[in-house]
Amino acid sequence: MDPEWDSLWRSVGARPDDRAAGDAGLGESRADGSAGAGPAARAGSAAGGSDLRAFVVRTDGAARGNPGPASLGAVLIDASAPGSRRPDAAPLASISEYLGVQTNNVAEYTAVLRALALAEELGGREVEMLLDSKLIVEQLHGRWRVKNSKLIPLHAEAKARLGRFARWSATHVPRAQNKQADALCNEAIDRVQAGGPWAVAVRPK
């Protein structure tokens, strides 16, 4: 069990018992911090015999009111599958989670963290994140400062988790291309308001 993850879980207001219930082109970075090749070059490397498991990750966070009832959604797609970067690509795994009362940006960051944790759990070594939050993309690449006190620890945790992957990238995409993750956000809020579980995670069988 990861103490840092337990601490993060509590910091965003999730209940400890809910984890068990649930249980543009901006370049690329390697774990050592050096600049890497873009997706095309990475695909070429994979074709050359790389055995690194890669995921395309789409996430979203939502708050009905800001702050207000908040949630996150995330889908993980096998990057080697045909059409994996299409907005309607079939996910290999997904997360839909209610977060209690939070701001939209906290929900957006928490979505990234949950997705990275799941990608790591599933053996991922590369993640290509396609996010509709320009704030997160710019902050992860170090171009925008993180000023909000609630976002500072979330940003730090995101960078730490990204450092565990061999390669990662974060690209801003239009909200219209992120409908799967957005639907999972709405599903989480509606589910909890109807008396359902806070978190639902779907993993490969």
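The values are calculated or read from the model by the stated rules, or taken from the named source; none is laboratory data. Treat the numbers as computed from the prediction; the structure is a model and nothing was measured. A quick note on method: Cβ atoms are made from the backbone with ideal geometry, for glycine too, and the neighbour counts reach across all protein chains shown.
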Original post:
Pairs, please: C-beta under 8 Å, at least 6 apart or cross-chain, first residue at pLDDT 95 or above and in segment 181-195, second exposed (fewer than 15 other Cβ atoms within 10 Å of the Cβ) and part of a helix (DSSP H, G or I)?
Top reply: ASP182/ARG175
**OP:** Please work out if ARG175 is closer than 12 Å to ARG58 by Cβ, touching an Asp or Glu at 6+ places or on another chain (Cβ under 8 Å) and among the basic types (Lys, Arg).
**Re:** yes
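Table: residues versus (1) under 18 Å from GLY61 (Cα atoms); (2) surrounded by fewer than 18 Cβ atoms within 10 Å (Cβ to Cβ).
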site: ASN148; (1), (2): yes, yes
site: PRO153; (1), (2): yes, yes
site: ALA158; (1), (2): yes, no
site: GLY163; (1), (2): no, yes
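Yes/no matrix, rows are residues, columns are (1) in a strand (DSSP E or B); (2) over 16 Å from ALA170 (Cα atoms); (3) at pLDDT below 50:
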{"position": "GLU4", "(1), (2), (3)": "no, yes, yes"}
{"position": "LEU26", "(1), (2), (3)": "no, no, yes"}
{"position": "ALA46", "(1), (2), (3)": "no, yes, yes"}
{"position": "ASP60", "(1), (2), (3)": "yes, no, no"}
{"position": "PRO82", "(1), (2), (3)": "no, yes, no"}
{"position": "GLY100", "(1), (2), (3)": "yes, yes, no"}
Original post:
Can you name every residue in segment 125-166 that is more than 14 Å from the chain's Cα centre (by Cα) and of a type in the set (D, E, K, R)?
Top reply: ARG125, GLU138, ARG143, ARG145, LYS147, LYS150, ARG164
Original post:
Out of (1) at pLDDT 95 or above; (2) surrounded by fewer than 13 Cβ atoms within 10 Å (Cβ to Cβ), what's the single condition that is false for LEU92?
Top reply: (2)
